[in-house]
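The values are calculated or read from the model by the stated rules, or taken from the named source; none is laboratory data. Quick caveat: nothing in here was measured; it's all calculated off a predicted structure. Quick reminder, even Gly has a Cβ in these numbers, built from the backbone with ideal geometry, and neighbours come from all protein chains shown.
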């Protein structure tokens, strides 16, 4: 497993109980290992439009990472508009799946704050519901929450 250190900024909302950058990297690496075919797992912030940590099979150019963050930002904005959900609305849809020839992109937004998100890229079929569940746990762990996310 190769870990890309291109995006290693500290997360702006990280308090003393929140996960460290090393914890995030470990969680992302574990996520990739758990799901064969996952070529990239990233943790980012929709508000700042930055990916803070990336675990990738291969080094990624910054433009590709920026594109992924832009897809997440635009995608969740469209979901919120379509559902009439606000940024603190628990009815918001917190997952987006994009199927393209030869690639599946899964974006999962934190139900707790709606800014943190995880992105996973697969070059084959992906067990989407299992990935979404694992990403929600990752987001909860990184935020330092003890209660399960719904």
Original post:
Restricting the range 96-149 to residues that are modelled with pLDDT under 90, closer than 18 Å to residue 51 by Cβ and in contact with a strand residue (DSSP E or B) (Cβ under 8 Å, 6 or more places away or on another chain), which is surrounded by the fewest Cβ atoms within 10 Å (Cβ to Cβ)?
Top reply: 143
Original post:
Would you pick out the residues in the range 33-80 that are buried (at least 17 other Cβ atoms within 10 Å of the Cβ) and in a helix (DSSP H, G or I)?
Top reply: 65, 68, 69, 72, 73, 75, 76, 79, 80
**OP:** Give me the pairs, please: first residue somewhere in the range 94-120 and at positive phi and in contact (Cβ under 8 Å) with a residue 12 or more places away in the chain, second residue anywhere and part of a loop (DSSP other than H, G, I, E, B) and surrounded by fewer than 22 Cβ atoms within 10 Å (Cβ to Cβ), beta-carbon distance under 6 Å, and either six or more positions apart or on two chains.
**Re:** 114/87
